[in-house]
Ligand code: SAM
């Protein structure tokens with residue numbers, strides 16, 4: 001049986017064959033541990049009638065493990081130097097299509113819709129480039145794509161912020177933004193030693209189980225997220241100060257006071273203590289004055 005791509009010796013052999021040099025600016029840290037790759041694929045929960053979309057296949061380590069499990073794999077890689085490498089390393093897998101594209105610019109929705117015609121369920125996976133983790137995740141979540149879940153390797157601190165609950169120091173606008181679209185849980189913490197080159201920080205595998213509908217009712221999503229972001233603008237300040245200075249403006253002090261009262265929320269609390277339900281309530285009340293801000 002041929003050696004799997006993710007073994008340290010096979011990875012080095014591929015890198016040497018192509019004289020590949022890592023680009024830090026593209027977040028290139030390749031995984032060299034088949035067990036961890038399998039934990040990602042396991043968490044994605046897809047079977048032989050299903051499909052997977054991968055972000056940033058690199059030399060194909062994770063792509064290979066996905067291709068063994070599911071019917072169809074669509075992968076997006078930005079680095080043109082890796083396209084001939086992937087054609088070589090994945091030549092045994094006829095169920096893989098590589099798209100030479102920036103996932104932030106690609107029309108992933110059309111690719112996923114196309115895949116849905118051939119498969120039962122779909123999931124998105126990736127060992128994400130750390131420099132664009134949040135934009136990639138938010139783009140995919142906001143599009144409400146036809147996927148069951150996303151399982152991604154990201155920086156441990158970012159995973160903690162995404163999965164954080166109210167009252168914790170990690171809880172903030174990113175936690176609310178992500179949890180509005182998905183139920184988030186950390187699958188495992190991953191040490192630096194399973195990558196080449198070794199990154200400076202630890203990583204975590206995060207599973208985002210996409211919701212069929214949001215957990216709270218908001219009158220206008222954009223407005224809700226603006227209120228949330230403004231509430232965390234300065235973490236040490238009260239929600240009153242943050243919303244007054246960063247959202248409604250001093251001329252609208254009375255409207256703000258009336259909104260807190262109507263939403264039954266103490267304005268002296270800090271944003272990090274409010275649940276998503278409380279933010280929804282506050283933003284719905286504020287929305288009535290929205291045209292004034
Ligand atoms: N999946 C491989 C692995 O686990 O070994 C590589 C993971 S590496 C952390 C991230 C990969 O994403 C690199 O191959 C990099 O070139 C690619 N990448 C970076 N930015 C990207 C973007 N905007 N769109 C698509 N791929 C990107």
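Please say if the stretch 1-42 is rounded, prolate or oblate, where rounded means a/c under 1.5 for a ≥ b ≥ c the square roots of the C-alpha gyration tensor eigenvalues, and otherwise the choice is prolate for a/b larger than b/c and oblate otherwise? Write down the numbers at each step before the final one.
Working: a/c = 3.34, a/b = 1.25, b/c = 2.68.
Taking the square roots of the gyration eigenvalues as a ≥ b ≥ c, the stretch 1-42 is oblate.
Name the shape class, rounded, prolate or oblate, that the alpha-carbon gyration tensor gives for the chain, where a ≥ b ≥ c are the square roots of its eigenvalues, rounded holds for a/c under 1.5, and otherwise prolate holds if a/b is larger than b/c and oblate otherwise.
Numbers: a/c = 2.68, a/b = 2.13, b/c = 1.26.
Cα axes put the chain in the prolate bin.
Kindly provide the helix-only [θ] at 222 nm of the chain, computed as the sum of -39,500 (n - 2.57) over DSSP H runs of four or more divided by all residues, to the nearest 500 deg cm²/dmol? Kindly include the intermediate steps, with their values, before the conclusion.
On the way: 12 runs with 114 residues, N = 293.
Value at 222 nm, helices only: -11000 deg cm²/dmol.
With r defined as the distance between the Cβ atoms of residue 143 and residue 245 and R0 fixed at 25 Å, what FRET efficiency is calculated, to the nearest 0.05?
Working from the Cβ atoms, E equals 0.20.
Could the peptides 204-212, 49-57 be put in order, highest first, of the mean number of other beta-carbon atoms found within 10 Å of their residues? Don't jump to the answer; show the numbers that get you there.
On the way: 204-212: 18.4, 49-57: 24.6.
Top to bottom by mean Cβ count within 10 Å: 49-57, 204-212.
Taking R0 as 22 Å, what's the FRET efficiency between residue 91 and residue 23 from their Cβ-Cβ distance, rounded to 0.05? Write out the running numbers ahead of the final one.
On the way: r = 24 Å, r/R0 = 1.09.
With R0 = 22 Å, the Cβ-Cβ based efficiency is 0.35.
Once each part is reduced to its C-alpha centroid, what is the distance from the stretch 1-47 to the stretch 203-267 in angstrom?
Spelled out, the Cα-based centre of one part sits 41 Å from the other.
What distance in nm lies between label points placed 7 Å from Cα along the C-beta direction at residue 202 and residue 48?
3.8
Specify the inter-centroid distance of the stretch 148-197 and the stretch 57-77, based on alpha-carbon positions, in whole Å.
22
With r as the distance between the Cβ atoms of residue 118 and residue 236 and R0 = 41 Å, compute the FRET efficiency 1/(1 + (r/R0)^6) and round to 0.05. The partial results should precede the final answer.
Details: r = 52 Å, r/R0 = 1.27.
My answer for the efficiency is 0.20.
Under 1.5 on a/c is rounded, so check that first for the stretch 221-292, then, if it is not, pick prolate when a/b is larger than b/c and oblate when it is not; a ≥ b ≥ c are the square roots of the alpha carbon gyration tensor eigenvalues.
Details: a/c = 1.25, a/b = 1.13, b/c = 1.11.
Verdict is rounded for the stretch 221-292.
Taking the DSSP beta bridges in the chain as the whole, what percent of them are antiparallel, to the nearest 5?
Values: 17 of 37 bridges.
Percent antiparallel among DSSP bridges in the chain is about 45.
Counting only DSSP beta bridges with both residues in the stretch 89-207, tell me the antiparallel percent, nearest 5.
Details: 10 of 15 bridges.
Roughly 65 percent of the DSSP beta bridges within the stretch 89-207 come out antiparallel.
Quick one: what do you get for the stretch 121-261 if you divide its Cα Rg by 2.2 N^0.38 Å? Working shown, then result.
Working: Rg = 17.3 Å, N = 141, 2.2 N^0.38 = 14.4 Å.
Cα Rg divided by the expected 2.2 N^0.38 Å: 1.20.
Give me 97, 110 ranked fewest to most by other Cβ atoms within 10 Å of their Cβ, as a rough exposure proxy.
On the way: 97 14, 110 9.
Starting with the residue having the fewest Cβ neighbours, the order is 110, 97.
Pulled fully out, how much extra length does the chain show between residue 107 and residue 253, if you take 0.36 nm times their separation in residues and subtract their Cα-Cα distance? Walk me through the numbers before you get to the answer.
Details: separation 146, 0.36 × 146 = 52.56 nm, distance 4.33 nm.
That pair, residue 107 and residue 253, stretches by 48.2 nm at full extension.
Here, each number is a calculation from the coordinates, and none is a lab measurement. Everything quoted here is computed from the prediction, not taken from an experiment. Glycine also receives a Cβ, built like all others from the backbone with ideal geometry; neighbour counts cover every protein chain displayed.
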